[in-house]
Amino acid sequence: MRIRTATAGGLAAAACALTAAACTSQYAQGAPPPPSAASSSAVMTAGKAQGGTAACATSQLKVALVDTGALAGQAGGYLRFTNDSHATCRVTGWPVVAGLTASGKAAALRHARSTMYGAWQYSAPLPVLTLRPGDSAYAVVAADDLPVGSQTRCPAPDVRLRVAAPGSKSTVLISAWLPGARSYLPACPSINGSPTGETSAITTLTRLAH
């Protein structure tokens, strides 16, 4: 049975403090695990960034897929963008993410206005995050993980993600394996056949369910 509320996710985190076995069991059922040991928090401001701070290029960032799991019919995780350079940079907006199957078929993830996984909600203006060296910003990636309607199985999952920071032309390729869900990022369509893969805008970890 899938865990459907943030309260249940909190109970799962509490169980981890008692026993590693309980922790593994809860993650398999769907609650996103507690955040991985993360870098320092980014400085968030509303609206325009302060002058003189350049936008983060993908080449400046170390991108990883963390805090993975399955929740209420979705599986996903958080893309973590860590400033791996020696210069402060800023990031805002939606990353550009495409999923790739094992056969190489690529499909872009849509820019979500809200996500079930991570409980992210769009609000204007989007925040501008200033990343000092070692700071991290996050974005949700998720997709439906169950067939619907007359479907009996979902198409082949995405085994890799091609990711670009907002406004950056360069990309990185990372694994789409979701340890918390014990699967790759699913590619199940909606009832009307449209793709369900999506990504949130860049935000801080404190703005996401964890």
Please determine, by comparing only the residues of the stretch 70-100 that are more than 30 Å from residue 52 (Cβ to Cβ) and in contact with a helix residue (DSSP H, G or I) (Cβ under 6 Å, 6 or more places away or on another chain), which one is surrounded by the most Cβ atoms within 10 Å (Cβ to Cβ). 76
For residue 190, all conditions in the list (1) out of contact with any Asp or Glu (no Cβ under 8 Å at 6 or more places or on another chain); (2) farther than 14 Å from residue 58 by Cα; (3) surrounded by fewer than 19 Cβ atoms within 10 Å (Cβ to Cβ) hold save one; what is the number of the exception? (1)
Any pair with Cβ under 6 angstrom, 6 or more apart, that starts in the stretch 89-101 at a residue that is aromatic (Phe, Trp, Tyr) and ends at one that is surrounded by fewer than 19 Cβ atoms within 10 Å (Cβ to Cβ): 94/111
Answer yes or no as to whether residue 137 is surrounded by fewer than 23 Cβ atoms within 10 Å (Cβ to Cβ) and of a type in the set (Gly, Ala, Ser). no
Go through 37, 49, 107 for me and flag whichever is touching a Pro at 6+ places or on another chain (Cβ under 9 Å), among the small types (Gly, Ala, Ser) and either under 25 Å from residue 186 (Cβ atoms) or modelled with pLDDT under 75 (or both). 107
Of the listed residues (201, 187, 181), the one being touching a His at 6+ places or on another chain (Cβ under 9 Å) and part of a loop (DSSP other than H, G, I, E, B) is 201
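Report yes if residue 146 is buried (at least 17 other Cβ atoms within 10 Å of the Cβ) and either out of contact with any strand residue (DSSP E or B) (no Cβ under 6 Å at 6 or more places or on another chain) or touching a residue at least 60 places away in the same chain (Cβ under 8 Å) (or both), otherwise no. Before you say what the answer is, go through the steps one by one.
Details: buried (at least 17 other Cβ atoms within 10 Å of the Cβ): no; either out of contact with any strand residue (DSSP E or B) (no Cβ under 6 Å at 6 or more places or on another chain) or touching a residue at least 60 places away in the same chain (Cβ under 8 Å) (or both): yes.
Spelling it out, it is not the case that residue 146 is buried (at least 17 other Cβ atoms within 10 Å of the Cβ) and either out of contact with any strand residue (DSSP E or B) (no Cβ under 6 Å at 6 or more places or on another chain) or touching a residue at least 60 places away in the same chain (Cβ under 8 Å) (or both).
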Considering every residue within the stretch 72-88, establish whether at least one is assigned to a loop (DSSP other than H, G, I, E, B), over 20 Å from residue 136 (Cα atoms) and assigned by TED's automatic domain parsing to the domain that holds residue 181. yes
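Can you tell me which residue among 136, 103, 200, 170 is farther than 20 Å from residue 55 by Cα and not charged (D, E, K, R)? Don't jump to the end; show me each part of the working.
Numbers: 136 fails: farther than 20 Å from residue 55 by Cα; 200 fails: farther than 20 Å from residue 55 by Cα; 170 fails: farther than 20 Å from residue 55 by Cα.
Only one candidate passes the filter, namely 103.
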Single condition residue 93 does not satisfy, out of (1) assigned to a strand (DSSP E or B); (2) within 20 Å of residue 164 (Cα to Cα): (1)
Condition broken by residue 103, with the remaining ones in (1) among the polar types (S, T, N, Q); (2) part of a loop (DSSP other than H, G, I, E, B); (3) crowded, with 18+ Cβ neighbours inside 10 Å satisfied: (3)
For the stretch 103-145, enumerate the residues that are within 18 Å of residue 209 (Cα to Cα) and polar (S, T, N, Q). 114, 115, 121, 123, 136
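The values are calculated or read from the model by the stated rules, or taken from the named source; none is laboratory data. These numbers were taken from a predicted model, which means no experiment stands behind them. In this analysis, Cβ positions are derived from the backbone assuming ideal geometry, glycine residues included, and neighbour counts consider all displayed protein chains.
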